[in-house]
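Asks: First the structure, which I've put down as structure tokens, then a few questions once you've had a look.
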Amino acid sequence: MLGHPGPGAVPLRGDEAPGTDGTGALAGQTVVLRPTEPRHVGEFLQVLQHPEVARWWAGYDLERVRRELLGPHCYAVEAYRATVGLIMFHEEEDPDHRHAGIDVALHPDAQGQGFGADAVRTLARYLFDVRGHHRIVIDPAATNERAIRSYERVGFRPVGVLREYERGADGTWHDGLLMDLLPGDL
């Protein structure tokens, strides 16, 4: 049922902000972002422990998923009414530096179908139009070419390389690519 949001989600039309209906769900063109619930813990763990995802999202176990990925800043990414990943945001509230950041992870079976770009675009619209941010950042591993191409399709632009930015699953430090998005880029 591609393109048909799950129950309780309001579909987007054109460039308007994602709708909510009291459930907090945000509807994109092909995905629904649903606020996290305890039922998502096992689904998130399955995504994050897949070897193709764990190389970018190392160290997640049941307790860490519960502690870090349940809450008002994290959503389950649903396609065909199934959870295919997760997306979250953080906010800098200082009025002189106000912006938000996004992180996203999709199960490999859901990659390459536009779900990630739609999820990022949907959350970005919400962060711009509803939460009032003027800039959004995302920071994939500098070698994660698939993610970088997806973010560029949304409108993100490279800002610079963050040297030895994050520790990988192998214990060594890896570079990150800082990318940002302004409302006019979306």
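The values are calculated or read from the model by the stated rules, or taken from the named source; none is laboratory data. Predicted, not measured: the structure shown is a model, and the values here were computed from it. No Cβ is skipped: glycine too gets one built from the backbone with ideal geometry, and neighbour counts run over all protein chains shown. We work out accessible area using only protein heavy atoms, side chains counted, and drop any ligands, DNA or RNA first. Shrake-Rupley method; radii C 1.70, N 1.55, O 1.52, S 1.80 Å.
Asks: Restricting to region 134-165, count the residues that are open to solvent by less than 60 Å² (accessible area, probe 1.4 Å) and in a strand (DSSP E or B). Lay out the reasoning, then the answer.
Replies: Step one: list which residues in region 134-165 are open to solvent by less than 60 Å² (accessible area, probe 1.4 Å), which gives 136-142, 144, 147-148, 150-151, 154-156, 160, 162.
Filter again for in a strand (DSSP E or B), leaving 136-138, 141, 160, 162.
Looking only at that region, the number is 6.
Asks: Which residue pairs have Cβ atoms under 9 Å apart, sit 6 or more places apart or on different chains, and have a first residue in region 128-155 that is on the phi > 0 side of the Ramachandran plot and a second that is crowded, with 18+ Cβ neighbours inside 10 Å and of a type in the set (Lys, Arg)?
Replies: If the second residue must be crowded, with 18+ Cβ neighbours inside 10 Å and of a type in the set (Lys, Arg), the pairs left are Gly155/Arg121.
Asks: Open to solvent by 10 Å² or more (accessible area, probe 1.4 Å), under 14 Å from the mean Cα position of the chain (by Cα) and more than 14 Å from Pro35 (Cα to Cα), is that true of His107?
Replies: Taking the combined requirement at face value, the residue satisfies it.
Asks: For region 82-94, enumerate the residues that are surrounded by fewer than 24 Cβ atoms within 10 Å (Cβ to Cβ) and closer than 24 Å to Val137 by Cβ.
Replies: Selection gives Val84, Ile87, Met88, Phe89, His90, Glu91, Glu92, Glu93, Asp94.
Asks: For Tyr126, are the conditions met, namely being crowded, with 24+ Cβ neighbours inside 10 Å and under 25 Å from Gly184 (Cα atoms)?
Replies: No: the conditions fail for Tyr126.
Asks: Name every residue in region 37-79 that is under 27 Å from Val130 (Cβ atoms) and part of a loop (DSSP other than H, G, I, E, B), in order of residue number.
Replies: Scanning region 37-79 gives Glu37, Pro38, Arg39, Trp57, Leu70, Gly71, Pro72, His73.
Asks: Which of the numbered conditions does Val120 fail, given that it passes all the others? Conditions: (1) out of contact with any Gly (no Cβ under 6 Å at 6 or more places or on another chain); (2) closer than 23 Å to Leu45 by Cβ; (3) open to solvent by 60 Å² or more (accessible area, probe 1.4 Å).
Replies: Here Val120 meets the rest and fails (3).
Asks: For residues that are hydrophobic (A, V, I, L, M, F, W, C), free of Cβ contacts under 8 Å to residues at least 24 places away in the same chain and surrounded by 13 or more Cβ atoms within 10 Å (Cβ to Cβ), tally how many sit in region 32-81.
Replies: 1
Asks: For region 9-24, give me the residue count where each residue is more than 14 Å from Ala124 (Cα to Cα) and either among the hydroxyl-bearing types (Ser, Thr, Tyr) or at pLDDT 50 or above (or both).
Replies: Final tally of qualifying residues: 5.
Asks: Sticking with this structure for a sec: Determine whether Gly6 is under 22 Å from Ala110 (Cα atoms), modelled with pLDDT under 95 and either open to solvent by less than 20 Å² (accessible area, probe 1.4 Å) or not in a helix (DSSP H, G or I) (or both). Steps first, please.
Replies: Details: under 22 Å from Ala110 (Cα atoms): yes; modelled with pLDDT under 95: yes; either open to solvent by less than 20 Å² (accessible area, probe 1.4 Å) or not in a helix (DSSP H, G or I) (or both): yes.
Judged against the criteria, Gly6 is a match.
Asks: Restrict the check to region 161-176 and report whether at least one residue is within 17 Å of the chain's Cα centre (by Cα) and of a type outside the set (Gly, Ala, Ser).
Replies: Scanning region 161-176 turns up no residue that is within 17 Å of the chain's Cα centre (by Cα) and of a type outside the set (Gly, Ala, Ser).
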